[in-house]
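The values are calculated or read from the model by the stated rules, or taken from the named source; none is laboratory data. Model, not experiment: these values are computed from the prediction. With ideal geometry, Cβ positions are generated from the backbone for all residues, glycine too; neighbour counts draw on all protein chains shown. The protein model used for the area step is the full one, side chains on, heavy atoms only, and it has no ligands, DNA or RNA in it. Shrake-Rupley method; radii C 1.70, N 1.55, O 1.52, S 1.80 Å.
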Amino acid sequence: MLTQTQLKQNVAAAAMEFVLPLLTPSTVLGVGTGSTVDLFIDALAPHKHRFRGAVSSSERSSSRMAALGIPVFDLNEVQAMPLYVDGADEVDHELNMIKGGGGALTREKIVASVAERFICIVDESKRVQVLGKFPLPVEVIPMARESVARRLTALGGKPALREGFITDNGCQILDVSGLSIDSPAQFEAELNNIPGVVCCGLFALSGASVVLMSTQQGVRQLTKSSS
Ligand code: 5RP
């Protein structure tokens, strides 16, 4: 029986196999945040001479890549990005995701929006029928924390402030439990419209292009039609 760490290692290796043939000397990769991505970064480092560098979704990933000698670019310096590789906290059958467990959701959504394809790397514990068991992270402007919390409560959620946590953008996070998200894209749009919400951790208006899912039987490649 593989442990969750071994499953994460396997999917990081599979992501590397997926990415490697697509790298060129001018490629700038999008790289996300989290423990699975950390393993992907480690697998990427020996191949750093095969691509130009990366844009990352967090200070954490930027530091890890810089320490391993992978050039890290500011997103404003980059015109095109073929791939964005990142983990997720939940993935449904339509490849909609909840992300932001590590608090990097806003930068993740920004970098993902620039990439042509989002390659999501998860172990099978992240697969769900309906999104919402994992508390949905919502990044908020601090002065709007309570007004946003009231709106989230009115929508059926139970928001809780992520105590002692400030995002890379200087904002706060409300983790919203008690949700069962039947229409993820519609709900994402609704949350985006609340004044004071910087970003929500639902990735449904633009979900994953491919999910690499590590299972006890090996890594499965899921696309919308196959999942
Ligand atoms: C960070 C994220 C991560 O991708 C998500 O939390 C999964 O993390 P891990 O790979 O550690 O399970 O969205 O904001």
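Among the residues of the stretch 153-179, what is the count of those that are out of contact with any Lys or Arg (no Cβ under 8 Å at 6 or more places or on another chain) and either in a helix (DSSP H, G or I) or open to solvent by 30 Å² or more (accessible area, probe 1.4 Å) (or both)? Reasoning before the result, please.
Filtering the stretch 153-179 down to residues out of contact with any Lys or Arg (no Cβ under 8 Å at 6 or more places or on another chain) leaves 153-160, 162-167, 170-171, 179.
After this cut, where a residue has to be either in a helix (DSSP H, G or I) or open to solvent by 30 Å² or more (accessible area, probe 1.4 Å) (or both) as well, the list is 153-156, 158-160, 162-166, 170.
So the count comes out to 13.
Which one of the conditions (1) within 16 Å of the ligand (Cβ to nearest atom); (2) in contact with a Gly (Cβ under 7 Å, 6 or more places away or on another chain); (3) polar (S, T, N, Q) does Ser147 fail to meet, given that it meets all the rest?
(1)
Here are Arg60, Arg64, Arg107: which of them is farther than 23 Å from Val128 by Cβ and buried (at least 22 other Cβ atoms within 10 Å of the Cβ)? I'd like the intermediate steps shown before the answer.
On the way: Arg60 fails: buried (at least 22 other Cβ atoms within 10 Å of the Cβ); Arg64 fails: buried (at least 22 other Cβ atoms within 10 Å of the Cβ).
Result: Arg107 is the single residue among Arg60, Arg64, Arg107 that is farther than 23 Å from Val128 by Cβ and buried (at least 22 other Cβ atoms within 10 Å of the Cβ).
Take the stretch 119-131 and flag every residue that is more than 11 Å from the ligand (Cβ to nearest atom), in a strand (DSSP E or B) and either farther than 15 Å from Ser180 by Cα or in contact with an Asp or Glu (Cβ under 7 Å, 6 or more places away or on another chain) (or both). Can you show your working first?
Applying the first criterion (more than 11 Å from the ligand (Cβ to nearest atom)) to the stretch 119-131 yields 119, 124, 127-131.
Checking which are in a strand (DSSP E or B) leaves us with 119, 127, 131.
Once the filter is applied, which keeps residues that are more than 11 Å from the ligand (Cβ to nearest atom), in a strand (DSSP E or B) and either farther than 15 Å from Ser180 by Cα or in contact with an Asp or Glu (Cβ under 7 Å, 6 or more places away or on another chain) (or both), the stretch 119-131 yields Ile119, Leu131.
Between residues in the stretch 93-111 that are near the ligand (Cβ under 6 Å from one of its atoms) and residues that are assigned to a helix (DSSP H, G or I) and of a type in the set (Asp, Glu), which pairs lie under 8 Å by C-beta distance while being six or more apart or on different chains?
Listed by first residue and then by second, the contacts come to Lys99/Glu108; Gly100/Glu108.
Name the residues in the stretch 180-227 that are assigned to a loop (DSSP other than H, G, I, E, B) and exposed (fewer than 13 other Cβ atoms within 10 Å of the Cβ), would you?
So in the stretch 180-227, the residues assigned to a loop (DSSP other than H, G, I, E, B) come out as 180, 182-183, 193-196, 201, 204-209, 216-217, 223-227.
Within the stretch 180-227, Ser180, Asp182, Ser183, Asn193, Pro195, Gln216, Gln217, Thr223, Ser225, Ser226 qualify.
Any residue at all in the stretch 47-54 that is touching a residue at least 60 places away in the same chain (Cβ under 8 Å) and open to solvent by 60 Å² or more (accessible area, probe 1.4 Å)?
To start, the set of residues in the stretch 47-54 that are touching a residue at least 60 places away in the same chain (Cβ under 8 Å) comprises none.
The answer is no; no qualifying residue exists.
Checking Asn96 against (1) closer than 27 Å to Ser177 by Cβ; (2) open to solvent by less than 10 Å² (accessible area, probe 1.4 Å), which test does it fail?
(2) is the only condition that Asn96 fails.
Within the bounds of the stretch 46-55, is there any residue that is under 20 Å from Ile110 (Cα atoms) and within 16 Å of the ligand (Cβ to nearest atom)?
yes
Can you tell me which residues in the stretch 58-81 are among the small types (Gly, Ala, Ser), within 20 Å of Ile110 (Cβ to Cβ) and out of contact with any strand residue (DSSP E or B) (no Cβ under 7 Å at 6 or more places or on another chain)? I'd like the intermediate steps shown before the answer.
Going residue by residue through the stretch 58-81, those that are among the small types (Gly, Ala, Ser) are 58, 61-63, 66-67, 69, 80.
Add one more test, that the residue is within 20 Å of Ile110 (Cβ to Cβ), and what stays is 58, 61-63, 66, 80.
Within the stretch 58-81, Ser58, Ser63, Ala80 meet the criteria.
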